[in-house]
Every structure is written in C-alpha cells, then in structure tokens.
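Notes to accompany the following structure.
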Amino acid sequence: MFRLVWLLLELGAGLLREFARLPRRAADALRGNDPGTATGTDTGGRRLVLATALAGFAGLAATLTLPGVTLVMSPSIDAWAVRPAPGAIRKGDLVQFSLVHPVSGPNPVSVTKYVLCMPGERLRISPPSDRSAVRATAAFFCNDSLIGVSLARGRGGVKLSAARIAGTVPPGFVYIGSSHPDGFDSRYFGLVRIDHLRRMERLF
C-alpha cells in the first residue's frame, strides 16, 4: 500500500512539472526554426504534431486533477479513471459506493462496478456448469442471462460464501458486479440500495 501511494505521489509531481513546462514547449514547437538557417530542418507538419501531443498531455494532466476523478485499481472494470455523471442509474451503468465488509478489511473502501440487474428483474441462482475448473459454488442469472459465478475461495485463500438473493429484485435495489471471475460484488455481499450508489462515467 505504501509503495502504491508513493508511486501515485511521484506521478502527480511529474505531471505538475511537465504541466509547468508546457507553455514554453508549445511556443517553441509552434515557432520552430528559421528555414533560412542551417538548422531549419523542422517542418510545419512536425511542429503541428508536437504541439498537438503537448496539448493532449495538458488535457490528460488537467483531467487527472479534476475534482471527483477516481483512479480505478480493480482489474474487473474496463476503465482506468472514472468521474461522477448526472442522470438516473440504468442497467449497464458504472456505479461507485462505499463498501464495508469483513473481506475488504476494517475500513470502508470505494468500489466501482456495473449495474447488472435492476428492480423488477428476476434473479436466479443455480449450480455452476463447471465446478472443478474455477472452484465455483453458484451461478447467478438475471432474466436467464449469466451475470456472475461465485467461488469457494478468493485471492489469498479467503473463504467466500455465495449471497442468497434469488427472486425478483425489489424496488430501490440493484445487483452490481462484473464479468471478472475474481470480482467481489453482489454475488457475495448481496443487493445494494440505489440511493447508496453514485453514477459514474469512464474517462479512459
């Protein structure tokens, strides 16, 4: 954990240094060399490409420093960074909430997942088709579409138990998760209240 924090601090410091140099570099790139001199080998196209790259870097640096932007550390989500997005939560949306669970540790952790089953839809749990290959204990379906498979043990050998959430999803609740086999989501901790979720959008 300490190493991760240190790497993020180094990345932030590097971005700030590069951002401070951008005005000078952009000016040099756009001005270029005098074509009448011996060193005047740069072309307008190359200057444009360099200036565009510098502008893109500035945009990326600004994006990472925007309020509300969250870096996603989970391999179960197809996103590196997300930010809050307005609008009602719908099926397939990225959402974020604070999880308190013995598996995640004594302190609340920020979790980013997808909404996979909505109120009024039917959840079904059945034995997995292949238990031996992935140590599976239960398969979860939303309206007959597979949305997750629970495992007997997680990373590091942590013992896991499948949630008992079969039936119609009640008003005000959703099933959240991902297609990642090691994802820790509703297949273990159950349905989540919609008013505890914040709708997010993928930045990159």
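The values are calculated or read from the model by the stated rules, or taken from the named source; none is laboratory data. Bear in mind the structure is a predicted one, so any value in this text is a computation, not a measurement. Reconstructed Cβ throughout: ideal geometry from the backbone, glycine too, with neighbour counts over all protein chains shown. When the accessible area is computed, the model is the full protein with side chains, heavy atoms only, and any ligands, DNA or RNA have been set aside. Shrake-Rupley method; radii C 1.70, N 1.55, O 1.52, S 1.80 Å.
Below is a table of values for the structure above.
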{"read-out": "Extension gain (nm, one decimal) between residue 158 and residue 100, 0.36 nm per residue minus Cα-Cα", "value": "19.3 nm"}
{"read-out": "Fraction of accessible area attributable to carbon and sulfur, the stretch 66-152 (%, probe 1.4 Å)", "value": "58"}
{"read-out": "Stretchable slack from residue 135 to residue 195, in nm (0.36 nm times residue separation minus alpha-carbon distance)", "value": "18.2 nm"}
{"read-out": "Förster radius 22 Å - calculated FRET efficiency between residue 90 and residue 122, Cβ distance, rounded to 0.05", "value": "0.80"}
{"read-out": "Accessible surface, per residue, of the stretch 126-178 when the full set of protein chains is kept, probe 1.4 Å, Å²", "value": "55"}
{"read-out": "FRET efficiency, 1/(1 + (r/R0)^6) with R0 22 Å, evaluated for residue 70 and residue 107 via beta carbons", "value": "0.85"}
{"read-out": "Cα-based Rg of the stretch 109-190 normalised by 2.2 N^0.38 Å, two decimals", "value": "1.04"}
